[in-house]
Amino acid sequence: MSHSTASTPSTAGRLRQLASRLSRTQDEAEVEELRVESDRPGVTAIAQLQNRRHANVCGVVRSVTLRPRENVPALAVELYDGTELMTLVWLGRRRIRGIEPGVFLTARGCVCMRRGTPTMFNPYYELMPGRGH
């Protein structure tokens, strides 16, 4: 009986490790798939963006939040391309139809670094088929 009791925690521990590895592997596969989808002609990877340069980026919307800036509404969108996150900000907007978490889009504009995060204000954008569509 003591042998089975001793092996139970060990088995549970091994199962947790296996689940962790499988989860990590799935996350890594999703990131790699997103990198491939975002690698389009004329598009710069977010990790390669330079301050005060115009760029085209492509990725999936991770979050959408309304952030007032000096009494002006600002819609902030977190975009991820598999390399890094960036923020897209539309001043004076509370919502943009079609922009929601999970949507794949391209954006074009001037990049500025804000607190170490690449950011575009009022970028041109286009909703794209992607993520299996």
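The values are calculated or read from the model by the stated rules, or taken from the named source; none is laboratory data. Predicted, not measured: the structure shown is a model, and the values here were computed from it. Cβ sites come from the backbone with ideal geometry, for glycine too, and all protein chains shown count toward neighbours.
So the values come out like this:
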| item | result |
| --- | --- |
| Qualifying position, being in contact with a strand residue (DSSP E or B) (Cβ under 7 Å, 6 or more places away or on another chain), within 12 Å of residue 125 (Cβ to Cβ), modelled with pLDDT under 95 and assigned to a loop (DSSP other than H, G, I, E, B), among 93, 40 | 93 |
| Hits in segment 96-116 - residues which are part of a strand (DSSP E or B) and not polar (S, T, N, Q) | 104, 105, 107, 108, 109, 110, 111, 112, 113, 114 |
| Residue in segment 43-77 that is farthest from the chain's Cα centre (by Cα), counting only those that are of a type in the set (Val, Ile, Thr), assigned to a strand (DSSP E or B) and crowded, with 17+ Cβ neighbours inside 10 Å | 57 |
| Subset of segment 78-124 (residues that are over 16 Å from the mean Cα position of the chain (by Cα) and among the hydroxyl-bearing types (Ser, Thr, Tyr)) | 124 |
| Number of positions in segment 118-129 that are surrounded by 18 or more Cβ atoms within 10 Å (Cβ to Cβ) and within 18 Å of residue 66 (Cβ to Cβ) | 4 |
| In segment 78-117, residue farthest from residue 45 (Cα to Cα) [restricted to those that are of a type in the set (Ser, Thr, Tyr) and surrounded by fewer than 18 Cβ atoms within 10 Å (Cβ to Cβ)] | 117 |
